[in-house]
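Contents: one structure, followed by commentary.
The values are calculated or read from the model by the stated rules, or taken from the named source; none is laboratory data. Just so it is clear, the model here is predicted, and its values are computed rather than measured. Cβ atoms come from the backbone with ideal geometry, glycine included; neighbour counts cover every protein chain shown.
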Amino acid sequence: MMFHQLEQSVPDYLIIDFYSDALKNVGYLDKEIAITISPIIEQSRIKDELTFTRILDHSDNEKYLSEWRKALQEFKKRIQPYFNNNQIIINFCELTTKYYDENKKSPILSKPRPNSCLQCVLEPAKRRVPKRISRCA
């Protein structure tokens, strides 16, 4: 949906999920248009039809986060005319570090898998968001 369409549609809420942003690469279609290469894109024919001029990956998290933060600030400016803070819901769904057997009793894997980029993306957002937050169980 283009930003000018928000004014016409008058949505009640905006739900944002940063899961793919924290884990996946970003492909630039040109200098100003970028998309997260989400699992949906990775597994579809769409990826073959896209021509990326540049890929931003997580090999340098500082660079990734710097560009991501700039894009987030621009996004924030673009949505502010349409939403107040109480209408913005950020879904903080975190990756699991434990997998259980079929009886849901014995952990078959419980080794923590740190994801510094995921934490860098989510932690600042958690501090700035109103209390209306969805959490995955």
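Taking the numbered list (1) surrounded by 12 or more Cβ atoms within 10 Å (Cβ to Cβ); (2) in a loop (DSSP other than H, G, I, E, B); (3) among the hydroxyl-bearing types (S, T, Y) in turn, S20 passes all entries but (2).
Here's a check for you: in region 1-17, which residue that is touching a helix residue (DSSP H, G or I) at 6+ places or on another chain (Cβ under 8 Å) and part of a helix (DSSP H, G or I) is farthest from K76 (Cα to Cα)? Ranking the candidates gives L6 first.
Take the conditions modelled with pLDDT under 85 and on the phi > 0 side of the Ramachandran plot and apply them to K104. Does it pass? It is true that K104 is modelled with pLDDT under 85 and on the phi > 0 side of the Ramachandran plot. With respect to I35, determine if the residue is without any contact (Cβ under 8 Å) to a residue 40 or more places away in the chain, part of a helix (DSSP H, G or I), surrounded by 11 or more Cβ atoms within 10 Å (Cβ to Cβ) and of a type in the set (A, V, I, L, M, F, W, C). No. Annotation: of all residues in region 1-31 being of a type in the set (D, E, K, R) and modelled with pLDDT under 85, the one that is nearest to L65 (Cα to Cα) is D21. Note on region 38-72: residues that are surrounded by 10 or more Cβ atoms within 10 Å (Cβ to Cβ) and outside any loop (DSSP other than H, G, I, E, B) amount to 20.
D30 satisfies every condition listed in (1) in a loop (DSSP other than H, G, I, E, B); (2) crowded, with 16+ Cβ neighbours inside 10 Å; (3) touching a Ser or Thr at 6+ places or on another chain (Cβ under 7 Å); (4) not polar (S, T, N, Q) except (2). Here S66, S9, S38, S44 are screened, and the one residue that is small (G, A, S) and over 23 Å from N91 (Cα atoms) is S44.
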